[in-house]
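Right, one structure below, let's go through it.
The values are calculated or read from the model by the stated rules, or taken from the named source; none is laboratory data. Because the structure is a prediction, the values reported are computed rather than measured. Here the Cβ positions follow ideal geometry from the backbone for every residue, glycine too, while neighbour counts run over all protein chains shown.
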Amino acid sequence: MNDHDPGEVSLQARNVAFDWSDTPLHWMPKEPIASHSLSALNLLLPEGERWFCATYTEALPLIADAKLREDVLGFIGQEAMHAETHNVVLYDYLDAHGVDPRPFTSHSEYLMRKVLGPRPALSARAQKQQLVGRIAMIGAIEHLTAFLGDYALNSRWDDFDGDPAMVDLYRWHGAEEVEHRNVAHDVATYFGVGYFRRNFSMLIAFIGFIVLMLRGTRFIVRQDPTLTDRGYLVLWLQWLGAMRRGSLPSLAQMTKGVARYLKPSYTPEDEGDTAQAVAYLAKSPAARSALP
C-alpha cells in the first residue's frame, strides 16, 4: 500500500444536496448532444439502482460471510441514495426544462421490475438460479459504472464549461462507484458465477447499455426545441463527434474497459483509484452542502 492509498474503506451512504435551479438544459453549452447523453442516465439510474438494492436485499440472507454482508449493506445504502438523487433530477431538472421523463421512466420501471425482477411463480431452485443470473448481470453493470465513474473523475467537462452542479453529480456518483467497485464482483464470485456466465452477462449488459443510452438521448433530443431529431444514424454520428472532442468517453475507451472484464485474471482493483475517489468525496460540493 502506498502513502496515498486509504486501504480498505467502510462503505457508507453520504447525504448530498443539489440545487438545479440555475442548471441549463445544455449544461455543457457547446455540447448539447453530450449534455443530453449524460442527462439520459437519469432516465435509467433510479429504477436500475432500485433493482440492484432489491436483488441484493433478496440475496443477503444467503450470504454467510460477515465481511461480504457488511460490504453489501454499504453498497445497498449508497445505491439507494444514488437512486433517490437521480430521481429528483428527473423532475427538478428535466421536467422543469420541458422534458417529460415519465414515458421513458415507465419503460425503465417495466424492464427492471417485470423483465429483470424476481419470478415467484418459479420453483425454489429456479428462483435461486434466476437470482444468480441477476447477480451476474449486476456484476457486469457495476464494472461499467466503475469504468464510467473513473472517467467522470478524470473527465474534461470543466473544459467545456460544464455546469458545476451537474459535473459534481456525476463525479460524486462516479467516486462512490469506484469506491464500492469490488462488491458486485465479490458477490458474483460468492454465488458461483463462472467465467462464461460472467462474460455472457457483460455482453448483454454492454449492448443493452448502448441501446438504452441511445434511446434515452434521442428521447431528450426530441423534446428539446432548439434541436432537430434526425434519427438514430445522425445521432450516432453526433455521438462519435462528441467522443472525438472528449465530452463523452470514446468507443475505444469503452471497448478497452469491457475487454479488461473479459480477462480470466480480471480484478476490480484495476478499475479506478480508491484514493482519488475518497479524496473527491471529501471535497464534493454536494456532499459538503448536506453537512449539518
Reported set for segment 187-214 where residues are crowded, with 19+ Cβ neighbours inside 10 Å and charged (D, E, K, R) is Arg198
ask   = When you look at Trp27, is it touching a residue at least 24 places away in the same chain (Cβ under 8 Å) and under 24 Å from Gly272 (Cβ atoms), yes or no?
value = yes
So Val211, is it at pLDDT 95 or above and outside any helix (DSSP H, G or I):
no
Checked Leu169, Leu227 against criteria (aliphatic (A, V, I, L, M), more than 21 Å from the chain's Cα centre (by Cα) and either assigned to a helix (DSSP H, G or I) or surrounded by fewer than 19 Cβ atoms within 10 Å (Cβ to Cβ) (or both)); the one match is Leu227
Inside segment 236-257, the number of residues satisfying the requirement of being closer than 22 Å to Asp163 by Cβ and either crowded, with 17+ Cβ neighbours inside 10 Å or β-branched (Val, Ile, Thr) (or both) is 7
Counting only helices (runs of 4 or more DSSP H) wholly inside segment 230-292, the ones holding at least 2 residues that are over 24 Å from Glu142 (Cβ atoms) are 232-245, 285-289
Val193: passes all of (1) hydrophobic (A, V, I, L, M, F, W, C); (2) over 22 Å from Ile138 (Cβ atoms); (3) in a loop (DSSP other than H, G, I, E, B) but (2)
Reported set for segment 268-285 where residues are in contact (Cβ under 8 Å) with a residue 12 or more places away in the chain and not acidic (Asp, Glu) is Pro268, Gly272, Thr274, Ala275, Gln276, Ala277, Val278, Tyr280, Leu281, Ser284, Pro285
Filter segment 20-78 for residues that are over 17 Å from the mean Cα position of the chain (by Cα), assigned to a helix (DSSP H, G or I) and basic (Lys, Arg); the one that is nearest to Gly208 (Cα to Cα) is Arg69
- Query: Can you spot a residue in segment 256-264 that is at positive phi, touching an Asp or Glu at 6+ places or on another chain (Cβ under 8 Å) and touching a residue at least 40 places away in the same chain (Cβ under 8 Å)?
  - Reply: no
Filtering segment 108-132 down to residues that are free of Cβ contacts under 8 Å to residues at least 12 places away in the same chain, in a helix (DSSP H, G or I) and within 29 Å of Leu90 (Cβ to Cβ) yields Tyr110, Lys114, Val115
Checking Met137, Met81 in turn, the sole residue that is within 20 Å of Arg181 (Cα to Cα) and buried (at least 21 other Cβ atoms within 10 Å of the Cβ) turns out to be Met137
